[in-house]
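Take a look at the structure set out below.
The values are calculated or read from the model by the stated rules, or taken from the named source; none is laboratory data. For clarity, every value in this text was computed on a predicted model and none was experimentally measured. No Cβ is skipped: glycine too gets one built from the backbone with ideal geometry, and neighbour counts run over all protein chains shown. Note: accessible area is taken over every heavy atom of the protein model, side chains too, but ligands, DNA and RNA are not part of it. Shrake-Rupley method; radii C 1.70, N 1.55, O 1.52, S 1.80 Å.
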Amino acid sequence: MIDVEVFSKPGVGKYNEDYVLHTEIEPDISLIVICDGMGGLSYGADASKIIAHSIDNYLRQALCSDSPKQPVIDAIHYANNELAKECSRLNSKMGASVALTLFLDNTCYYTWLGDVRIYLATRGKTELLTKDHLAIEGNHSFLSRCINGKEFRHSPEVRELEISSGDELYIATDGYYLHNKIVSPSESAIIADDDATIVYIKLK
């Protein structure tokens, strides 16, 4: 159904706090989760892994192929609760941006919190499907939405996208898209001073 190519590289002198999970929940249902751990908080890499695997674990138990939107929303809430437990255990603040795509038949269900971006390339045009959840105060910007173990001000929104053979999707963290073109990793000379991740997905 899909071919997936992943590139992920740590920033200079850093441990990579980006994390990619790509798995098949069922033979015809593919899940891809990309998390970008928040460097200003603690244990960014751990936060990314906890969130991604919590989403996967929840959906394996609760996904309904007839109506997947609500289970995806519930999985985000479940991951947030699991991260809250870890924050309490470690007495630390942890968090991550996240983007999720779920491929089922000819439909891609997707959601995001933060500034991990999802792009669609079809018929020779590349379109940004997401809008960064960023707030600006003076010369500083911060995430207005993320998974950090705290109660959500806004419930996650799951969007539905009809897809066709030959369509391409890209999911990228800011360390990648701020410095590189949105193309498959094999076609790009990667520049990465910060953690940089791109996932390239082609529909068969």
Problem set entry | Verdict on Asp105 being out of contact with any Cys (no Cβ under 6 Å at 6 or more places or on another chain) and under 19 Å from Ile163 (Cα atoms) | yes
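Quick check on Asp18: is it charged (D, E, K, R) and in contact (Cβ under 8 Å) with a residue 12 or more places away in the chain?
It is true that Asp18 is charged (D, E, K, R) and in contact (Cβ under 8 Å) with a residue 12 or more places away in the chain.
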Problem set entry | Count of region 186-204 residues which are within 17 Å of the chain's Cα centre (by Cα) and open to solvent by less than 30 Å² (accessible area, probe 1.4 Å) | 6
Exercise. Does any residue in region 185-204 that is farther than 15 Å from Pro10 by Cβ come within less than 7 Å, Cβ to Cβ, of a residue that is assigned to a helix (DSSP H, G or I) six or more places away or on a different chain, and which pairs are these?
Worked result: Tyr200/Pro185
For this session: Taking Ala172 as the residue in question, decide whether it is open to solvent by less than 20 Å² (accessible area, probe 1.4 Å), farther than 24 Å from Leu59 by Cβ and modelled with pLDDT of 95 or more.
Result: no
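Rundown of residues vs (1) open to solvent by less than 60 Å² (accessible area, probe 1.4 Å); (2) in contact with a Ser or Thr (Cβ under 9 Å, 6 or more places away or on another chain), yes/no style:
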{"position": "Asp3", "(1), (2)": "no, no"}
{"position": "Tyr15", "(1), (2)": "no, no"}
{"position": "Glu26", "(1), (2)": "no, yes"}
{"position": "Ser30", "(1), (2)": "yes, yes"}
{"position": "Ala45", "(1), (2)": "yes, no"}
For this session: Using the structure shown, decide if Ser141 is among the hydroxyl-bearing types (Ser, Thr, Tyr) and over 15 Å from Ile201 (Cβ atoms).
Result: yes
Seminar exercise, completed: Selection over region 149-183 where residues are within 27 Å of Ser67 (Cα to Cα) and polar (S, T, N, Q) yields a count of 3
